[in-house]
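Worksheet: the structure to be examined is printed underneath.
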Amino acid sequence: MFISVEVLHDHPLDFREEFQPEVIDLGPDLRQTAPLKSSGRASLVEEHHGHRQLIQDIRLVGEFATQVQVNCARCLEPVTHDLAARYELLYRPQGADAGKEEISVTDVEADIGYYQGDGVLLEDVLREQVLLAVPFRTVCREDCKGLCPQCGKNWNQGACNCPPPPVDARWEALRGLKDKL
């Protein structure tokens, strides 16, 4: 769904969209397993910069919910996450802030994104919001044992027959310190 500045000139735009899995590319490490539902409102915010320059920002306020699958960071088994979040975003035309001297950025200004052309594609906004909502590191369970570094067997399913890795002699001094403590 394309949210154009031209349409927002007339009136704010309420939206309610549903995207089926694989419609939005979430990258190779994330798989959407349920419809991505989003609703909200887009409006135009006109901002004066100086006496003659008028900036047309797009303000999006909404929420989304979906279900995604990501691999466990230790054993690579799939883990499902239910994601839901609210968002309030401001998009400014690309280049609107160009030419300004370097200044410190406030928390409010840090939330400003930029759009190119005549508007914003809702799919791009939702892709970003979903990726931000996914936990940084996912494990299938806290006591996940991971994979054998030699044969790749999942240690959660049982031990493998690989010999233990050789001990690195550089760590022996620390091992002796541990025994003393």
Candidates per trypsin sites (Lys or Arg not before Pro) in the stretch 1-95, loop by DSSP, up to 11 other Cβ within 10 Å: R52
Percent accessible area from carbon and sulfur atoms, the chain, protein chains only, probe 1.4 Å: 50
Spin-label model distance (nm) - A65 vs D124, 7 Å beyond Cα toward Cβ: 2.8
Rounded to 10°, Cα long-axis angle of helix 122-133 versus longest principal axis of the chain: 40
Rg over Rh [alpha-carbon atoms, Kirkwood Rh] for the chain: 1.19
Largest to smallest principal axis extent of the C-alpha atoms in the stretch 1-101, angstrom: 59, 34, 20
Rg(Cα) / (2.2 N^0.38 Å) computed for the stretch 15-71, rounded to two decimals: 1.66
Contour minus Cα-Cα distance for T80 and S4 (0.36 nm per residue): 23.9 nm
F15 versus N156: modelled label distance in nm, points set 7 Å from Cα along the beta carbon direction: 3.6
Listed residue (F64, A169, L147) projecting farthest to the positive dipole end of the chain, Cβ model: A169
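What accessible area per residue comes out for the chain, rounded to a whole number of Å², with a 1.4 Å probe? Write out the running numbers ahead of the final one.
Details: 12570 Å² over 181 residues.
Value for the chain: 69 Å² per residue.
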Efficiency of FRET from Cβ geometry, I24 and E172, R₀ 45 Å, rounded to 0.05: 0.30
In Hz, Karplus ³J(HN,Hα) per residue of the stretch 65-76 (6.51, -1.76, 1.60; θ = phi - 60°; x = Gly, Pro): 8, 6, 10, 10, 10, 9, 7, 4, 6, 9, 10, 6
Net charge dipole size for the stretch 1-40 [Lys, Arg +1 and Asp, Glu -1 on Cβ; Debye, nearest 20]: 160
Within the chain, longest stretch clear of exposed GluC sites (Glu not before Pro) (DSSP loop, no more than 12 other Cβ within 10 Å): 23-100
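The values are calculated or read from the model by the stated rules, or taken from the named source; none is laboratory data. Quick caveat, the model's predicted, so the values are computed rather than measured. Backbone-built Cβ (ideal geometry, glycine too); neighbour counts: all protein chains shown. These area figures cover heavy atoms from the full protein model, side chains too; ligands, DNA and RNA do not enter into them. Shrake-Rupley method; radii C 1.70, N 1.55, O 1.52, S 1.80 Å.
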